[in-house]
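Laboratory data are not the source of any read-out in this text; all were calculated from the coordinates shown. If you're wondering where the values come from, they're calculated on a predicted model, not measured in any experiment. All Cβ positions, glycine included, derive from the backbone under ideal geometry; neighbour counts span all protein chains shown.
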Amino acid sequence: MKVLVIGSGAREHALVRALVADPEVDAVVAAPGNPGMDTTALCEALPGGVLDGAGVAQLALDQGADLVVIGPEAPLVAGVADAVRAAGTACFGPSAEAARLEGSKAFAKEVMAAAEVPTAIAYVCTTAEEVAAALDALGAPHVVKDDGLAAGKGVVVTSDRDEALAHGRACLAKEGGRVVVEEYLDGPEVSLFCLSDGRTVLPLAPAQDFKRVGDDDEGPNTGGMGAYSPLDWAPATLADEVVTRVAQPTVDEMARRGTPFVGVLYVGLALTRRGPKVIEFNARFGDPETQVVLARLRTPLAGLLLAAAEGRLEGVEPLRWSEQHAVTVVVAAHGYPATPRGGDRVEGLEEVEEVPTAYVLHAGTDRAADGSLLSAGGRVLSVVALGESLAQARERVYDAVGRVRLEGSHHRSDIALAAEREELHTG
Ligand code: AMP
Ligand code: GLY
């Protein structure tokens with residue numbers, strides 16, 4: 001089998017790594033890919049960019065790909081999966097219509113209401129007056145979300161009413177701007193990826209992401225600074241419960257509407273005292289959670305994603321998982337998330353590989369003319385390690401991170417720490 005992966009982040013590098021390890025896979029092509037992937041995959045440029053559906057569909061045909069896997073949300077929302085399927089290639093990723101579950105928070109809320117999925121009470125607002133009224137109706141802490149895609153930066157959670165209102169006004173100032181003001185959900189957060197072929201839902205292992213830039217959840221939201229899996233503190237029934245109460249009803253509702261969801265339904269949850277409630281849906285694998293979930297998946301990935309793309313998930317064998325714990329820590333560029341600096345030398349990656357089980361997944365990296373590696377984005381690398389215990393995995397991953405040399409870089413030092421200390425509880 002030949003697989004084409006669209007994207008260039010550490011999530012896509014993790015996908016490439018897992019696909020290459022599938023014995024059924026002869027070759028993986030990544031477009032545009034990144035310098036970390038090009039040792040195991042053929043990296044192809046996409047002259048029209050990742051949003052160019054016709055360009056992606058043509059590349060899949062030119063390469064003779066049996067399956068296209070689309071990593072990021074923007075091409076999905078732009079209809080790239082539709083273009084690939086229309087050209088006759090199997091595609092793992094939802095149509096533009098189905099990707100609205102991520103592309104519009106108001107749409108996601110409407111589907112959740114129709115499917116009776118537990119989630120935060122929400123008001124969709126189009127004026128500052130409506131935002132103010134919603135803030136007062138729900139009380140603090142305030143949660144104010146840009147309706148559209150904002151790369152993880154559209155959400156403000158604050159007890160400061162003026163800050164909440166200012167964020168609402170900023171979102172409304174955009175063309176067609178809409179704002180979702182919602183109830184604050186209290187409880188640990190969990191990400192659960194649910195594979196869907198449009199009908200059948202198959203959950204992967206739950207993971208936890210760390211969205212704030214600094215230790216102790218200080219500072220602004222980011223795309224995600226680290227993750228770990230499994231979650232020993234969460235109920236063993238969590239994945240099944242989320243499928244029954246959230247993912248299956250949502251997939252059924254999308255099918256009922258004639259816009260079946262094929263791909264990963266990423267369910268972001270808060271485990272509240274009153275049970276799991278949905279914080280957000282995404283229409284793709286999460287980054288950096290994918291790095292730890294795929295590190296533990298023993299079932300070959302390509303066969304699984306092809307089964308989803310071809311409507312055959314029902315017949316898939318139960319998934320197999322490593323018993324090990326996986327932790328990933330993101331090494332971010334100076335100034336991330338506000339003003340990431342590029343062009344710094346990235347060194348020490350060979351030394352990372354000396355740490356047992358540890359490896360590096362590239363995200364914002366670039367190869368200079370002289371062959372040296374430079375930073376070229378906010379999240380530069382994801383370092384991953386495994387261990388027999390969470391403590392061992394953490395020790396290894398931080399040993400590995402300490403070997404990376406990138407001037408001005410920063411990372412969180414408390415990824416999975418509360419779980420290691422057994423400080424997390426549900427509800
Ligand atoms: P989102 O982009 O919707 O995932 O939101 C980003 C982050 O904001 C989430 O991971 C949560 O940490 C936080 N957040 C979003 N919605 C809520 C909510 N209703 N209650 C509490 N925190 C939230
Ligand atoms: N880890 C959060 C996301 O992928 O949106």
Quiz item: What are the ³J(HN,Hα) values, in whole Hz, obtained from phi via the Karplus relation 6.51 cos²θ - 1.76 cosθ + 1.60 with θ = phi - 60°, for each residue of the stretch 28-40 in sequence order, with x given for Gly and Pro?
Solution: 10, 10, 10, 9, x, x, 8, x, x, 7, 6, 7, 10
Quiz item: To the nearest µm²/s, what D does Stokes-Einstein give for the chain at 37 °C and 0.692 mPa s, using the Kirkwood radius over alpha carbon pairs as Rh?
Solution: 151
Quiz item: What is the local net charge at Q392, summed over the other residues whose Cβ is closer than 11 Å to its Cβ (Lys, Arg +1; Asp, Glu -1)?
Solution: -2
Practice problem: Pop out the ³J(HN,Hα) list for the stretch 196-203 in order, Karplus 6.51 cos²θ - 1.76 cosθ + 1.60 with θ = phi - 60°, rounded to Hz; leave Gly and Pro as x. | Solution: 9, 9, x, 9, 8, 10, 10, x
Exercise. Grab the DSSP H runs of the chain that are 4 residues or longer, score each as -39,500 (n - 2.57), total them, divide by all residues and round the 222 nm result to the nearest 500 deg cm²/dmol.
Key: -7500 deg cm²/dmol
Self-check item: Bins of 10 Å, starting at 0 and running to the largest distance - Cα pair percent for the stretch 182-329
Solution: 11, 41, 36, 11, 1
Practice problem: Would you kindly state how much longer the chain becomes between R312 and A418 on full extension, computed as 0.36 nm times their sequence separation minus their alpha carbon distance, in nm to one decimal? | Solution: 34.3 nm
Self-check item: Long-range amide H partners of V5 with built H, under 5 Å
Solution: V29, A30, A31, V69
Quiz item: Size of the stretch 1-92 along its principal axes in angstrom, Cα-based, largest extent first?
Solution: 28, 23, 19
Quiz item: Going by how many other Cβ atoms sit within 10 Å of their own, how do I279, I415 line up, fewest first?
Solution: I279, I415
